[in-house]
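One structure is given below, encoded as structure tokens.
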Amino acid sequence: MSNDVKPRAVVCLSGGMDSCVCATLAARDYEVYALHFSYGQRTEARELRSAEDVARLTGTKEMMHLKIDLFRRIGGSALTDASIAVPDAVGEEMEAEASGRTGSEVPVTYVPFRNAHFLSAAVSWAEVLGARTIMIGAVEQDSSGYPDCRPAYYEAFNALIRTGTRDGDIRVETPLIAMRKKEIVELGVELGAPFHVSWSCYASESEACGVCESCALRLRAFREAGAEDPIPYRTR
């Protein structure tokens, strides 16, 4: 199918491992319009660079970069509040917590109701573009226990879209939500996702720290998939 006849889709693109695979997957079937947010997160500049590189390498038609200040001002998350430390997740404790946790314990890296803001902007842009699909790389399995990564969250949001948009025909799709991180790496390798430009670290912008929960989950996924993670780490 040629690009000029592909339907349009808006992809929420953070620049992380999961969104990198999601964007690569979307590019097979859609003309992709990527949406990236800078919201005061610790690795804001690095994530923007990764999102731009992923967008370029996956053939994204356009990337919109939006800056919002409310999460930094509200605080309450280790990602946006300098007074809250990003916790380490290492060794047996990491293995025990990461396997099968689906949200009973919400960590300090959760940004309160963040994805609702991202999706609202994506829906607004989709209406203007005439896109009926929004894709986001949310993952429930092997995630950090974020409540806005649950299937029920997206079912509810789709009900809101049907009620609150002009035509009611836009839908949020979460193609990775039921997959394990290992499976996401395997899919990304199969698709040729540009993992080498993605960024997952919560704490560092030069070399990934290797000890925050996001780094630990990513490293474990690549190890279990039998693949080499191509980004630089201070500690593996």
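Only residues in the range 60-85 that are surrounded by fewer than 19 Cβ atoms within 10 Å (Cβ to Cβ) count as the first member; pair them with residues that are of a type in the set (Asp, Glu) and at pLDDT below 95, Cβ under 9 angstrom, at least 6 apart or cross-chain, and list the lot.
As it stands, the answer is ARG72/ASP81; ILE74/ASP81; GLY75/ASP81, since those pairs meet every condition given.
Among the residues that make up the range 179-200, is at least one of them under 18 Å from GLN41 (Cα atoms), modelled with pLDDT of 95 or more, touching a Phe, Trp or Tyr at 6+ places or on another chain (Cβ under 9 Å) and buried (at least 23 other Cβ atoms within 10 Å of the Cβ)?
no
Across the range 207-236, what is the number of residues that are in a loop (DSSP other than H, G, I, E, B) and without any contact (Cβ under 8 Å) to a residue 12 or more places away in the chain?
2
Please verify whether SER19 is of a type outside the set (Phe, Trp, Tyr) and outside any helix (DSSP H, G or I), treating the condition exactly as stated.
no
How about the range 131-188: which of its residues are touching a strand residue (DSSP E or B) at 6+ places or on another chain (Cβ under 9 Å), among the basic types (Lys, Arg) and not in a helix (DSSP H, G or I)?
ARG132, ARG171
Going residue by residue through the range 107-124, is there one that turns out to be over 21 Å from SER77 (Cβ atoms), charged (D, E, K, R) and either without any contact (Cβ under 8 Å) to a residue 60 or more places away in the chain or assigned to a helix (DSSP H, G or I) (or both)?
Checking the range 107-124: not a single residue is over 21 Å from SER77 (Cβ atoms), charged (D, E, K, R) and either without any contact (Cβ under 8 Å) to a residue 60 or more places away in the chain or assigned to a helix (DSSP H, G or I) (or both).
The values are calculated or read from the model by the stated rules, or taken from the named source; none is laboratory data. Because the structure is a prediction, the values reported are computed rather than measured. Here Cβ is always computed from backbone atoms with ideal geometry, including for glycine, and neighbour counts include all displayed protein chains.
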